[in-house]
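Remarks on the structure that follows.
The values are calculated or read from the model by the stated rules, or taken from the named source; none is laboratory data. Computed from a predicted model, the values in this text were never measured in an experiment. Quick reminder, even Gly has a Cβ in these numbers, built from the backbone with ideal geometry, and neighbours come from all protein chains shown.
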């Protein structure tokens with residue numbers, strides 16, 4: 001009996017050591033959860049790294065594309081530098097006007113352009129009467145350029161308004177050379 005209990009005991013021990021189907025399923029499920037967890041962590045870290053890499057590339061691209069215009073921040077400029085910036089802006093506006101006049105077929109020495117230039121010069125003389133300009137101070141070249149630029153941009157706006165009409169607008173006035181007149 002002792003022997004049979006021993007062999008019965010050994011069989012019980014063997015049974016407890018042997019994996020059962022339910023324990024194998026449980027271990028397999030835990031292993032699979034761990035694999036999913038590791039895979040999830042890997043994907044999260046990979047996604048984060050890709051996001052950081054993409055954003056840093058975009059930031060680098062933007063910093064190389066942006067060149068600041070020194071005329072935008074006048075806080076650390078001398079008056080002479082501000083005068084130069086105002087003249088630069090005026091020349092850009094004048095070039096824009098020249099291109100528009102050419103596009104519209106208006107000669108620079110045409111009567112309508114000469115009349116506008118006389119108007120512009122009269123406006124400038126009204127605000128800054130000719131004579132001893134030294135009384136205007138060192139800001140005079142900048143102020144004159146700013147006013148002249150504003151008048152030039154007004155001319156550009158007016159010419160564009162004359163050429164852009166809506167349907168049925170019979171009063172817009174200007175017809176480019178070569179267009180039919182009603």
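Quick one: which of 108, 70 is at pLDDT below 95 and either more than 18 Å from residue 145 (Cβ to Cβ) or more than 37 Å from the chain's Cα centre (by Cα) (or both)?
Values: 70 fails: either more than 18 Å from residue 145 (Cβ to Cβ) or more than 37 Å from the chain's Cα centre (by Cα) (or both).
Step by step, each of 108, 70 is checked, and only 108 is at pLDDT below 95 and either more than 18 Å from residue 145 (Cβ to Cβ) or more than 37 Å from the chain's Cα centre (by Cα) (or both).
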Conditions (1) touching a residue at least 40 places away in the same chain (Cβ under 8 Å); (2) part of a loop (DSSP other than H, G, I, E, B); number of the one not met by residue 70: (1)
Return a yes/no flag: does segment 5-25 have any residue that is within 27 Å of the chain's Cα centre (by Cα), over 25 Å from residue 143 (Cβ atoms), assigned to a loop (DSSP other than H, G, I, E, B) and at pLDDT 60 or above. no
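Here's the yes/no breakdown for (1) more than 22 Å from residue 79 (Cβ to Cβ); (2) in contact with a strand residue (DSSP E or B) (Cβ under 9 Å, 6 or more places away or on another chain); (3) outside any helix (DSSP H, G or I):
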residue: 93; (1), (2), (3): no, no, no
residue: 108; (1), (2), (3): yes, no, yes
residue: 117; (1), (2), (3): yes, no, no
residue: 134; (1), (2), (3): no, no, no
residue: 157; (1), (2), (3): yes, no, no
Only one residue in 159, 97 is touching a helix residue (DSSP H, G or I) at 6+ places or on another chain (Cβ under 7 Å), at pLDDT 95 or above and crowded, with 16+ Cβ neighbours inside 10 Å, so which one is that? 97
Unique residue being touching a helix residue (DSSP H, G or I) at 6+ places or on another chain (Cβ under 9 Å), at pLDDT 95 or above and under 15 Å from residue 148 (Cα atoms) when the list is 118, 86: 86
